[in-house]
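Following: one structure in structure tokens, then a few remarks.
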Amino acid sequence: MDKIATPQRPLRIAIIGSGPSGFYAAEALLKEKNISVAVDMFDRLPTPYGLVRGGVAPDHQKIKNVIMVYEKVAASPSFRFFGNVKLGRDIQVEDLRQHYDQIVYAVGNESDRRLGIPGEDLSGNHSATAFVGWYNGHPDYREESFDLSVESVAVVGIGNVAMDVTRILAEHPDKLASTDIADYALQALRQSRVKTIYLLGRRGPAQAAYSPAEIQEIGSLESADLVIDPKEAQLDELSASLLKEPEDKKNVDYVQNVAARGEGSRARKVRLRFCASPVEALGQGGRVTAVKIEKNRLVSDGRGGVKAQGAGIFETLPVGLIFRSVGYRGIPIPGVSFDERAGKIPNAEGRVLGGDNKPLPGQYVVGWAKRGPSGLIGTNRADSVATVKGMLEDLAAGALKPAPADPHHALPALLERRKVRYVTFPDWKRLDALERERGARSGKIREKFTCVEDMLSALENAALKTP
Ligand code: NAP
């Protein structure tokens with residue numbers, strides 16, 4: 001057999017997932033000067049880019065410019081995209097092991113954490129994940145519905161996802177009209193009667209998970225006032241003594257300045273509450289009508305940090321919707337190791353671990369599936385580079401079992417035998433152009449296809465028209 005990772009016999013890699021971490025892994029592999037690689041990237045959706053398409057808020061278009069980097073990666077002759085191919089449904093890990101020397105799981109975190117409080121299953125209780133997927137036209141969430149005829153809502157958690165959800169609820173819909181927001185979401189937001197959004201942080205202003213830019217954007221909305229009780233903006237002694245990070249200091253200063261502004265005169269209010277944990281969702285006729293919160297005091301967590309502890313003081317906020325935005329978690333994939341407790345793929349520096357806690361040869365993980373749901377898009381670059389370093393070390397150490405089958409023709413043939421209608425990168429570029437054309441007709445950046453069947457039939461129709 002030819003030596004592996006040479007032009008005659010490239011190192012064959014399957015990357016599962018086409019979000020930022022998958023593309024950064026592909027980029028790092030394709031950049032390697034001393035070896036030849038062939039990268040096949042798979043996604044369960046016909047469209048690439050993961051959370052850049054389905055997560056980043058429509059009014060944050062600049063963030064989506066990272067796609068230009070991913071397009072350069074995809075232009076490499078050593079890169080192929082197989083969209084609409086789901087691991088565990090259309091192909092199995094065993095198929096990948098037959099065709100690829102190394103597998104990289106870049107599957108992100110597709111589910112969310114729950115609060116575990118009574119009433120969480122009442123109608124009107126939603127995950128932020130569902131709302132974000134809905135307004136972004138993600139096929140999994142297009143059928144969700146949110147009763148925006150209510151006047152008050154609670155968003156639980158104060159990370160950047162909570163900021164996105166709050167902004168979309170509070171922003172004037174005209175500000176979203178030219179973006180790539182799903183049309184049905186824009187129509188629903190135009191009918192919205194939401195006036196008050198309670199943003200509930202379980203700890204204080206010094207421990208907020210949002211970035212300074214994100215909270216400042218909420219505080220600068222034309223359509224809503226950010227309102228903070230001056231008493232809740234004050235730091236307790238413990239938090240004040242631990243306040244060191246420049247970002248945390250910025251956040252505290254900002255919150256205290258906003259608290260001094262008072263109520264303001266805008267029709268909508270975003271009421272940011274600190275040291276408040278939901279303890280029960282209350283309802284009538286199966287629907288959320290209020291959320292009961294408990295005030296917290298902040299105490300040492302014994303590890304140099306601060307944790308919230310219920311103070312036994314309760315308050316009831318009348319709300320008709322609750323969005324929990326308390327973090328994402330992964331979901332298991334058949335045949336792939338999974339740590340149920342942590343909600344991610346167990347690994348040692350990106351090498352996937354088996355049941356005996358030993359690395360599984362040729363299996364790697366990057367991004368949120370590796371480290372959990374933290375960091376900004378760019379954080380994934382260094383993370384993927386680190387995993388790729390381990391992959392190349394394993395190659396150099398001869399720790400790989402070369403795959404017997406060449407995926408170049410065999411993999412497309414396998415998918416065709418199984419009647420999987422896979423979508424190539426040129427197919428995606430066609431869909432991309434169609435979405436932009438659809439958008440241009442109504443003055444939007446793009447009008448996404450939100451249903452897989454529509455994407456596939458649009459591609460068939462486009463193919464029929466191509467001479
Ligand atoms: P996150 O940053 O981890 O924030 C989670 C929030 O939920 C925290 O405020 C956390 O409070 C709170 N929380 C957790 N469990 C809770 C409970 N049981 N009860 C009440 N509150 C609870 O997560 P995220 O907002 O989902 O964001 C995920 C990652 O994506 C982050 O790294 C974020 O920066 C990134 N992101 C960035 C952008 C952007 O740059 N524009 C947009 C979206 C997401 P504690 O701090 O007390 O745990």
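The values are calculated or read from the model by the stated rules, or taken from the named source; none is laboratory data. Predicted model only: the values in this text are computed from it and were never measured. Backbone-built Cβ (ideal geometry, glycine too); neighbour counts: all protein chains shown.
Couple of notes before you dig in:
- Test: residue in region 137-158 that is assigned by TED's automatic domain parsing to the domain that holds residue 212 and assigned to a helix (DSSP H, G or I): no
- Complete set of residues in region 237-268 that are out of contact with any strand residue (DSSP E or B) (no Cβ under 7 Å at 6 or more places or on another chain) and assigned to a loop (DSSP other than H, G, I, E, B): 243, 244, 245, 262, 265, 267
- Looking across 167, 193, one residue alone is among the basic types (Lys, Arg) and outside any helix (DSSP H, G or I). It is 193.
- Apart from one condition, residue 313 fits all of (1) surrounded by fewer than 13 Cβ atoms within 10 Å (Cβ to Cβ); (2) touching a residue at least 40 places away in the same chain (Cβ under 8 Å); (3) not assigned by TED's automatic domain parsing to the domain that holds residue 388; the exception is (2).
- Per-region count, region 321-351, residues under 16 Å from the mean Cα position of the chain (by Cα) and assigned to a strand (DSSP E or B): 5
- Considering (1) away from the ligand (no atom under 16 Å from the Cβ); (2) buried (at least 19 other Cβ atoms within 10 Å of the Cβ), the lone condition that residue 72 does not fulfil carries the number (2).
- Taken together, the residues in region 352-379 that are within 23 Å of the chain's Cα centre (by Cα) and assigned to a loop (DSSP other than H, G, I, E, B) amount to 9.
- Of all residues in region 212-258, those satisfying the criterion of being under 25 Å from residue 278 (Cα atoms) and in contact (Cβ under 8 Å) with a residue 60 or more places away in the chain are 236, 238, 239.
- Residues of region 170-201 satisfying the condition of being in contact with a Lys or Arg (Cβ under 9 Å, 6 or more places away or on another chain), farther than 25 Å from residue 65 by Cβ and of a type outside the set (Gly, Ala, Ser): 184, 194, 195, 196, 197, 198, 199, 200
- Put simply, of 447, 349, 393, 416 the only residue that is in contact (Cβ under 8 Å) with a residue 60 or more places away in the chain and acidic (Asp, Glu) is 447.
- Considering residues of region 123-136 that are touching a residue at least 60 places away in the same chain (Cβ under 8 Å) and not in a strand (DSSP E or B) only, the residue surrounded by the fewest Cβ atoms within 10 Å (Cβ to Cβ): 124
- Conditions (1) without any contact (Cβ under 8 Å) to a residue 40 or more places away in the chain; (2) in a helix (DSSP H, G or I); (3) within 16 Å of the ligand (Cβ to nearest atom); number of the one not met by residue 437: (3)
- Residue check, residue 187 in a helix (DSSP H, G or I) and either more than 15 Å from the ligand (Cβ to nearest atom) or of a type in the set (Asp, Glu) (or both): yes
So that you can scan it fast, the table gives a plain yes or no per residue for (1) in a helix (DSSP H, G or I); (2) out of contact with any helix residue (DSSP H, G or I) (no Cβ under 8 Å at 6 or more places or on another chain); (3) buried (at least 18 other Cβ atoms within 10 Å of the Cβ):
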{"position": "381", "(1), (2), (3)": "yes, no, yes"}
{"position": "386", "(1), (2), (3)": "yes, yes, no"}
{"position": "403", "(1), (2), (3)": "no, no, yes"}
{"position": "421", "(1), (2), (3)": "no, no, no"}
{"position": "426", "(1), (2), (3)": "yes, yes, no"}
{"position": "429", "(1), (2), (3)": "yes, yes, no"}
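- Taking region 193-235 as the range and being surrounded by fewer than 18 Cβ atoms within 10 Å (Cβ to Cβ) and under 19 Å from residue 134 (Cβ atoms) as the test, only 193 passes.
- Only listed residue being touching a strand residue (DSSP E or B) at 6+ places or on another chain (Cβ under 7 Å) and basic (Lys, Arg), chosen from 419, 444, 465, 401: 401
- Some residue of region 248-266 being surrounded by fewer than 18 Cβ atoms within 10 Å (Cβ to Cβ) and touching a Leu at 6+ places or on another chain (Cβ under 7 Å): yes
- Residue tally, condition over 15 Å from the mean Cα position of the chain (by Cα) and away from the ligand (no atom under 11 Å from the Cβ), over region 48-64: 1
- Residue within region 220-227 that is outside the structural domain of residue 51 (by TED's automatic domain parsing), in contact with a helix residue (DSSP H, G or I) (Cβ under 6 Å, 6 or more places away or on another chain), under 23 Å from residue 294 (Cα atoms) and within 13 Å of the ligand (Cβ to nearest atom) present: no
- Test: residue in region 108-123 that is hydroxyl-bearing (Ser, Thr, Tyr), within 16 Å of the ligand (Cβ to nearest atom) and at pLDDT below 95: yes
- Residue 181 being within 16 Å of the ligand (Cβ to nearest atom), outside any strand (DSSP E or B) and aliphatic (A, V, I, L, M): yes
- In region 276-298, of all residues being farther than 19 Å from residue 148 by Cβ and among the charged types (D, E, K, R), the one that is surrounded by the most Cβ atoms within 10 Å (Cβ to Cβ) corresponds to 294.
- Which numbered condition residue 409 misses (of (1) out of contact with any strand residue (DSSP E or B) (no Cβ under 7 Å at 6 or more places or on another chain); (2) crowded, with 16+ Cβ neighbours inside 10 Å): (2)
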